[in-house]
Amino acid sequence: MQVIPKKSGTSFNLKKGQQLKVIDIEGKQVSDILFFNANDVNEKVSAGKTFDYEETILLTKGNALYSNRSQKMVKIIEDTNGRNDFLLAPCDMKTFKHFYNMDGYHPSCFENLHKNLEPYGIAPDDIPSAFNIFMNVQFDSNGNLKVLTPTSQPNDHIIFEAQMDLIVAMTACSAKDSNGGSFKPIGYQII
Ligand SMILES: [Zn+2]
């Protein structure tokens, strides 16, 4: 297993047919993940297309994540926790200022995604909403949103199967409230 240290990120290639296992090593830790077509980075994972085709906003085992060109990018073939979010955008410096009134530098998912995607020619403005593994976003019938502590326990994991050759970027999220008040690492394994 590879380990993404707390408040950081990584990127790598995943070939069609390969599986990616993402592990919440200590529990209650979110990982933002993005998928791009390795042969054309203008094709990327899309929350809107995924909700449209899967007819749900709660994505877990049995669902696929779709691209902005309506192609399946990954299938979720295992999900031991079962709660993920695809509504909220990656945390950044301005969200920290808004929600925590923090000034000055703080690592963020947005920075950790764009830093790791830069070598592939992907610019910050090309980063879409990420699939937020283990993130516990609740909503009521009026549409009000709340970010709660993840329900994931140590060693809970999700497995994606690539449906095309992919560039993957992922983080160990740096937003306190999303992670139950503490920052932890995230594990992953290419199978
Ligand atoms: Zn984050």
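The values are calculated or read from the model by the stated rules, or taken from the named source; none is laboratory data. The model shown is predicted, which means the values in this text are computed figures rather than measured ones. Don't worry about glycine lacking a Cβ; one is built from the backbone with ideal geometry, like all the others, and counts go over all protein chains shown. The protein model used for the area step is the full one, side chains on, heavy atoms only, and it has no ligands, DNA or RNA in it. Shrake-Rupley method; radii C 1.70, N 1.55, O 1.52, S 1.80 Å.
Quick notes on this one:
- For the range 1-100, alpha-carbon Rg relative to the globular expectation (2.2 N^0.38 Å, N residues): 1.15
- Value of [θ]222 nm, deg cm²/dmol, for the chain, DSSP H segments ≥ 4, -39500 (n - 2.57) each, nearest 500: -3500 deg cm²/dmol
- Whole-Å distance, taken between Cα centres, linking the range 144-171 and the range 30-86: 10 Å
- Computed Rg/Rh of the range 88-169, alpha carbon atoms with Kirkwood Rh: 1.00
- Annotation note: chymotrypsin sites (Phe, Trp or Tyr not before Pro) in the range 84-169 located in DSSP loop regions with a Cβ neighbour count of at most 14 within 10 Å are Tyr105.
- Selection of trypsin sites (Lys or Arg not before Pro), the range 51-158, meeting DSSP coil and at most 14 other Cβ within 10 Å: Lys61, Arg69
- Based on protein heavy atoms only, the range 106-172 ends up with 42 Å² per residue of surface accessible to a 1.4 Å probe.
- Whole-number Å³ per residue for the convex hull built on Cα positions in the range 41-191: 128 Å³
- Element breakdown for the chain at a 1.4 angstrom probe: carbon and sulfur atoms account for 47% of the accessible area.
- Among the listed pairs Lys72/Lys176; Lys16/Lys94; Lys72/Lys97; Lys16/Lys97; Lys21/Lys115; Lys6/Lys146, those whose Cα-Cα separation exceeds 28 Å are Lys72/Lys176; Lys16/Lys94; Lys72/Lys97; Lys16/Lys97.
- Projecting the Cα positions of Phe160, Phe134, Leu148 onto the charge dipole of the range 68-191 (unit charges on Cβ atoms of Lys, Arg, Asp and Glu, taken about the Cα centre) puts Leu148 furthest along the positive direction.
- Globularity index of the range 137-191, i.e. its alpha-carbon radius of gyration over 2.2 N^0.38 Å: 1.45
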